[in-house]
Amino acid sequence: MSGSPVGPVRALVLAKAPVAGRVKTRLGADVGLERAAELAAAALLDTVEACTAAYGAEHCHLALAGDLAEAVAGPALLAATRGWHVHPQRGDGFDERLAAAHADVADGGPGPVVQVGMDTPQLTPDLLGLVVAGLERHDAVLGPAEDGGWWVLALRDPRDAAVLAGVEMSTERTHDDTLAALRARGLDVGTAPVERDVDTVADADVVAAACPSSRFARAWLGVDA
């Protein structure tokens with residue numbers, strides 16, 4: 001398929017409210033759960049700002065587990081997502097919650113969706129633009145993560161995300177299994193640059209070095225904003 005997608009581009013961020021003990025527990029085992037929540041909040045703020053800059057708050061959606069009012073940096077997160085469409089996550093597993101979040105965006109009308117998580121604070125408007133450009137040539141664009149998962153999924157039609165239900169998430173085969181599911185639906189799938197999620201201390205070191213001016217990097221390095 002070729003040509004420009006019809007309708008405004010929408011951003012979709014899936015996130016947990018950054019509460020100690022509920023986010024980044026793998027990283028928290030090494031740095032402490034409170035600090036892990038602070039880092040998660042910084043990463044989510046970076047992600048929200050990049051999406052807002054790329055598409056405008058009115059075209060941004062947050063599928064949220066939890067309550068930002070109870071989160072670390074809650075006031076800053078509430079301010080950053082002002083004007084966003086906020087939906088509660090629904091579904092039993094992460095695969096079902098992903099599919100449901102895309103369906104919620106689809107209910108708002110036609111147009112492509114670019115979906116990311118809260119683990120890639122190195123995200124920039126330019127990188128988001130590169131992903132969207134791929135939709136001029138493909139039905140979908142999938143961005144591999146170094147751990148075998150994926151960090152971005154862009155779809156011309158977010159209803160196609162229904163195929164995510166049933167794909168096992170958070171494994172070293174998640175990218176390949178997702179790619180297979182999209183292709184089985186008949187979609188032509190392009191690829192985005194490989195990125196690194198932040199799950200470990202080593203990940204945090206690499207990502208902070210890649211985006212030194214980000215909130216996440218400042219939080220990781222202990223530099224005041």
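Helix-derived [θ] at 222 nm for the chain: sum -39500 (n - 2.57) over DSSP H runs of at least 4, divide by residue count, nearest 500?
Computed mean residue ellipticity for the chain: -12000 deg cm²/dmol.
Just the C-alpha atoms of the stretch 1-116: what Rg/Rh do they give, with Rh taken as the Kirkwood radius?
1.01
Which residue, chosen from His175, Phe94, Leu187, occupies the Cα position most advanced towards the positive end of the dipole of the stretch 52-188, where the dipole is computed from +1 (Lys, Arg) and -1 (Asp, Glu) charges on Cβ about the Cα centre?
In the stretch 52-188, that residue is Leu187.
What would the Debye equation give as log₁₀ I(q)/I(0) for the stretch 97-225 at q = 0.11, 0.12, 0.14, 0.20 Å⁻¹, counting only Cα atoms as equal point scatterers?
Taken in order of the listed q values, log10 I(q)/I(0) reads -0.40, -0.48, -0.64, -1.13.
What does the accessible area per residue of the chain come to in Å², with a 1.4 Å probe and no ligands, DNA or RNA counted?
44
Under 10 Å, Cα contacts only: if you run a Gaussian network model on the chain, which one of Val167, Val113, Val152 comes out with the highest mean-square fluctuation?
Per the Cα network of the chain with a 10 Å cutoff, Val167 tops the list.
For the stretch 99-158, which whole-number percentage of the solvent-accessible area (1.4 Å probe, protein heavy atoms only) is attributable to carbon and sulfur atoms?
52
Using alpha carbons only, how many degrees (0 to 90, rounded to 10) separate the axis of helix 201-210 from the longest principal axis of the chain?
In the chain, helix 201-210 runs at an angle near 70 degrees to the longest axis.
Can you give the Kirkwood hydrodynamic radius of the stretch 59-127 from its Cα pairs, in Å with one decimal?
Roughly 13.4 Å, rounded to one decimal.
Compute the distance from the alpha-carbon center of the stretch 180-201 to that of the stretch 93-157, in whole Å.
Using only Cα atoms, the two centres lie 9 Å from each other.
Compute the whole-percent fraction of alpha carbon pairs in the chain spaced more than 24 Å apart.
Beyond 24 Å sits 38 percent of the P(r) for the chain.
If you plug each phi of the stretch 169-178 into the Karplus form 6.51 cos²θ - 1.76 cosθ + 1.60 with θ = phi - 60°, what whole-Hz ³J(HN,Hα) values come out, in order, with x for Gly and Pro?
Running phi through 6.51 cos²θ - 1.76 cosθ + 1.60 with θ = phi - 60° gives 9, 6, 10, 6, 10, 4, 4, 5, 5, 5 Hz.
Based on DSSP, what percent of beta bridges with both residues in the chain are antiparallel, to the nearest 5?
35
The values are calculated or read from the model by the stated rules, or taken from the named source; none is laboratory data. The structure presented is a predicted model; accordingly, all values stated were derived computationally and were not measured. Please note: Cβ atoms are built from the backbone with ideal geometry, for glycine as well, and neighbour counts cover all protein chains shown. Remember, those area values only see protein heavy atoms, side chains included, never the ligands or the DNA or RNA. Shrake-Rupley method; radii C 1.70, N 1.55, O 1.52, S 1.80 Å.
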